[in-house]
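Worksheet: one structure, shown below.
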Amino acid sequence: MFNPTQADVRRFLCGVHAKAQSGAPMEAIETLASLWIAEHPDYHADLADVDAAIARNYDETPQQTNPFLHLSMHLSISEQCSIDQPRGIRQAVELLTHKRNSLHAAHHETMECLGRMVWESQRAGRAPDGAAYIDCVQRHATRD
């Protein structure tokens with residue numbers, strides 16, 4: 001099973017950014033990542049220097065979003081939707097996208113649910129609750 005380190009993820013995203021800037025050919029996952037990177041121009045400086053990216057500790061600046069975590073969550077949600085795992089996530093994100101008229105906005109709300117699910121799982125020492133995750137995204141899609 002693929003289990004990248006923090007440094008691996010940061011190298012990957014920095015490499016994708018460099019390829020996008022130079023117009024180099026990309027693999028499918030790199031193309032997907034580049035689309036999310038393009039949606040976040042405020043992260044481009046963080047992605048421009050791989051050595052600084054690997055060395056940076058975002059825990060020391062909690063007021064600043066960790067761009068690598070944020071982009072990784074976009075990729076995770078994209079992958080979850082592509083394979084509909086957990087079952088129902090695709091439809092829930094599609095409903096939320098329709099409600100917000102924006103896939104990007106829908107992803108950001110889905111991230112709240114994903115983060116909550118992971119946090120609760122870790123806190124309780126149990127497996128992630130996919131049903132609660134789907135319910136959370138659906139609640140976002142149905143509230144005003």
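The values are calculated or read from the model by the stated rules, or taken from the named source; none is laboratory data. A quick note: this is a predicted structure, and the numbers were derived from the prediction, not measured. Glycine gets a Cβ as well: all are built from the backbone with ideal geometry, and neighbour counts include every protein chain shown. Accessible surface areas use protein heavy atoms only, side chains included; no ligands, DNA or RNA. Shrake-Rupley method; radii C 1.70, N 1.55, O 1.52, S 1.80 Å.
Per-structure values
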read-out	value
LEU96 accessible area, 1.4 Å probe, all protein chains in place, Å² to nearest 10	0 Å²
Angle between the chain longest axis and helix 130-142 axis [Cα atoms, degrees, rounded to 10]	80 degrees
Neighbourhood charge, 11 Å Cβ-Cβ cut-off, centred on GLN80 and excluding it, Lys, Arg +1 and Asp, Glu -1	0
Cβ charges +1 (Lys, Arg) and -1 (Asp, Glu), total dipole of the chain, debye	340 debye
Accessible-area order (highest first, 1.4 angstrom probe) of the listed residues ASP129, ASP42	ASP42, ASP129
The chain: relative contact order in percent, alpha carbon pairs under 8 Å with at least 6 residues between	19 percent
Relative contact order [Cα under 8 Å, 6+ residues apart], the range 8-71, whole percent	40 percent
Angle in degrees between helix 67-83 and the longest Cα principal axis of the chain, rounded to the nearest 10	50 degrees
With DNA, RNA and ligands ignored, accessible area of LEU103 (1.4 Å probe; Å², nearest 10)	90 Å²
Label-point separation, ASP59 to VAL118 (7 Å along Cα→Cβ), nm	1.5 nm
Distance in nm between pseudo-label sites at HIS70 and GLN85 (7 Å out along the Cβ direction from Cα)	2.8 nm
Packing-based order for 68-75, 121-128, 81-88, using average beta carbon neighbours within 10 Å, highest first	68-75, 81-88, 121-128
Identified option (computed mean projected area of the Cα convex hull in nm²; candidates [x] 11.8; [y] 8.2; [z] 9.8)	[z]
Solvent-accessible surface (1.4 angstrom probe) belonging to ILE54, in square angstrom, nearest 10	60 Å²
Dipole of the range 78-128, positive direction: furthest Cα of SER102, ILE83, PRO128, with charges on the beta-carbon	PRO128
Extension reserve of the LYS99-ARG11 stretch, reckoned as 0.36 nm per residue once the Cα distance is removed	28.2 nm
Helix 28-38 vs. the chain, principal-axis angle (Cα, 0 to 90°, nearest 10)	90 degrees
